[in-house]
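What follows is one structure encoded as structure tokens, with my remarks underneath.
The values are calculated or read from the model by the stated rules, or taken from the named source; none is laboratory data. Treat the numbers as computed from the prediction; the structure is a model and nothing was measured. For neighbour counting, all protein chains shown are included, and Cβ atoms are generated from backbone atoms with ideal geometry for every residue, glycine included. Calculation scope for accessible area: heavy atoms of the full protein, side chains included, ligands and nucleic acids excluded. Shrake-Rupley method; radii C 1.70, N 1.55, O 1.52, S 1.80 Å.
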Amino acid sequence: GVRYWVSDTGLRDGEKYEYLVTFKNAEGKETAKGPVVISLTCNEKDREAEARQKELIKEYYRKKGISPGAGSVPKTSPYQLSRETYRVDPGNSPQKGEKEARVTMVVFTDFECIYCSTWARTLHTMLEIFPGQVRIVFKNFPLTYHKHSEPAAGAALAAGEQGKFWEMHDMLFKNQNALGLEDIQGYAEAIGLDMSKFRKSMESKELKDIIDRDKAQGVSLGVKNIPTTFINGRSLMGSPPASLIKSIIEGILKRA
């Protein structure tokens with residue numbers, strides 16, 4: 001079994017995490033396989049060690065003259081907005097929400113990533129909570145070890161040429177465990193696409209170029225893990241709880 005120290009890594013007992021696993025094939029060549037979802041479980045020894053470390057942290061703050069009460073020990077979140085503000089060009093990428101919205105969220109994502117799927121639902125919720133105040137811009141960042149992510153990205157863009165990008169977007173994330181070519185064609189039929197046009201678009205070099213440009217843009221902005229979202233130019237990595245992103249948006253709107 002694989003175990004991680006909760007207190008050392010920020011991982012939490014009872015939650016699931018996604019990892020890229022490598023193994024050696026018959027020729028001894030190391031091959032990547034994944035993502036693999038691991039459910040984290042700590043044993044009693046781990047929990048005792050975590051409790052001891054919490055006491056050491058409290059003792060540290062006592063020596064610094066800070067009250068040792070539970071509320072006085074600084075709490076950090078694994079989800080942090082970058083201090084740096086980047087210039088992120090939305091370009092002609094698929095967008096949802098008002099163009100003049102005070103909060104623009106440019107998300108680099110992958111249709112085969114389970115966290116990207118969760119994040120897509122969270123972003124949709126933010127559009128409902130803040131009508132007219134939030135804009136979502138979609139950028140493709142297919143990971144090389146996700147064999148279906150690039151064809152899925154092409155399918156969404158091909159659907160977009162018929163005015164149904166977001167319908168395909170939702171369909172792909174909803175069914176991300178079935179992203180083979182036949183599956184994708186079934187989704188295209190289900191949302192009422194002209195299948196002849198859809199197949200032609202899927203094979204076009206233009207759509208591949210768009211995907212490549214999106215990923216190159218993400219790399220130039222320092223994107224390494226997905227989803228990564230730029231909120232008014234400040235980057236946020238991962239899929240944080242809806243409550244956290246809601247508070248970030250509220251803070252921006254209050255300052256605007």
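Would you call Val219 open to solvent by 60 Å² or more (accessible area, probe 1.4 Å) and within 18 Å of the chain's Cα centre (by Cα)? Judged against the criteria, Val219 is a match. Hey, any hits in the stretch 183-204 for a residue that's under 26 Å from Ala101 (Cα atoms) and either out of contact with any Pro (no Cβ under 9 Å at 6 or more places or on another chain) or touching a residue at least 24 places away in the same chain (Cβ under 8 Å) (or both)? No; the residues of the stretch 183-204 include none that is under 26 Å from Ala101 (Cα atoms) and either out of contact with any Pro (no Cβ under 9 Å at 6 or more places or on another chain) or touching a residue at least 24 places away in the same chain (Cβ under 8 Å) (or both).
Among all positions in the stretch 146-154, there is at least one residue which is farther than 27 Å from Glu98 by Cβ, touching a Pro at 6+ places or on another chain (Cβ under 7 Å) and crowded, with 24+ Cβ neighbours inside 10 Å. When the stretch 101-144 is filtered for residues that are of a type in the set (D, E, K, R), over 15 Å from Asp170 (Cβ atoms), surrounded by fewer than 21 Cβ atoms within 10 Å (Cβ to Cβ) and out of contact with any Leu (no Cβ under 7 Å at 6 or more places or on another chain), only Arg135 remains.
Gly180 meets the conditions (1) touching a His at 6+ places or on another chain (Cβ under 9 Å); (2) surrounded by fewer than 18 Cβ atoms within 10 Å (Cβ to Cβ); (3) under 26 Å from Arg102 (Cα atoms) in every case but one. The failed one is (3). Scanning the stretch 227-249 for residues that are surrounded by 13 or more Cβ atoms within 10 Å (Cβ to Cβ) and of a type outside the set (A, V, I, L, M) returns Pro227, Thr228, Thr229, Phe230, Asn232, Gly233, Arg234, Ser235, Gly238, Ser239, Pro240, Lys246.
Just give me the residues in the stretch 92-128 being part of a loop (DSSP other than H, G, I, E, B) and free of Cβ contacts under 8 Å to residues at least 40 places away in the same chain, in sequence order. Scanning the stretch 92-128 gives Asn92, Glu98, Lys99, Glu100, Ala101. Can you tell me which of (1) without any contact (Cβ under 8 Å) to a residue 24 or more places away in the chain; (2) touching a Pro at 6+ places or on another chain (Cβ under 8 Å) is the one Ser247 doesn't meet? With (1) without any contact (Cβ under 8 Å) to a residue 24 or more places away in the chain; (2) touching a Pro at 6+ places or on another chain (Cβ under 8 Å) applied to Ser247, the lone miss is (2).
From the list Lys208, Lys254, Lys224, the lone residue that is part of a loop (DSSP other than H, G, I, E, B) and open to solvent by 60 Å² or more (accessible area, probe 1.4 Å) is Lys224. Quick one: Ala242 ticks every box in (1) small (Gly, Ala, Ser); (2) within 27 Å of Glu161 (Cα to Cα); (3) under 15 Å from the mean Cα position of the chain (by Cα) bar one, so which box is it? Every listed condition holds for Ala242 apart from (2). So for the stretch 229-237 (the condition being out of contact with any strand residue (DSSP E or B) (no Cβ under 8 Å at 6 or more places or on another chain) and not in a loop (DSSP other than H, G, I, E, B)), does at least one residue qualify? No: zero hits. The residues listed here are Arg135, Arg102, Arg62; of these, the one that is farther than 16 Å from Asn225 by Cβ and at pLDDT below 95 is Arg62.
Which is over 22 Å from Asp212 (Cβ atoms), charged (D, E, K, R) and either part of a helix (DSSP H, G or I) or open to solvent by 60 Å² or more (accessible area, probe 1.4 Å) (or both), of Arg87, Arg83? The conditions single out Arg83. Among the residues making up the stretch 155-174, a single one is open to solvent by 10 Å² or more (accessible area, probe 1.4 Å), small (Gly, Ala, Ser) and in a helix (DSSP H, G or I): Gly160.
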